[in-house]
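Engineer: Quick one: structure below, then a few questions.
A short reminder: the numbers here are calculations on the coordinates, not readings from a lab. Here the structure is a predicted model, which means the values were calculated and not measured. Here the Cβ positions follow ideal geometry from the backbone for every residue, glycine too, while neighbour counts run over all protein chains shown.
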Amino acid sequence: MEKPLSEITRKDWIAYQWVEVSMEFGNERYFMQGHNRTPDEALRAMEEWDVTAEERGVEEAEVVVQ
């Protein structure tokens, strides 16, 4: 399944591996969903999500309260 970066949720970004694919439409980056992440990969993905918040147009990193 391919999705633009703006449609990938934090939960999905952390749970699955995403491979960037090139698209011809506009400037938005598109990704294809891959396999489930290992716990170590999920931790790194959580950090990536917070670091890339500005690119996605989010002013602050998302926080999940459980």
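Engineer: May I ask which residue of N27, I8, P39 lies farthest towards the positive end of the charge dipole of segment 2-51, with charges of +1 (Lys, Arg) and -1 (Asp, Glu) on Cβ and the Cα centre as origin?
Structural biologist: P39
Engineer: Here is a further query. Given labels modelled 7 Å from the Cα in the Cβ direction, how far is it in nm from E54 to M32?
Structural biologist: 3.1
Engineer: Right, here's the next one. Quote the charge dipole size of segment 2-51 about the Cα centre in Debye, to the nearest 20; the model charges only the Cβ of Lys and Arg (+1) and of Asp and Glu (-1). It would help to have the intermediate numbers written out before the result.
Structural biologist: Working: 6 positive and 11 negative charges, 30 e Å.
I would put it at about 140 debye.
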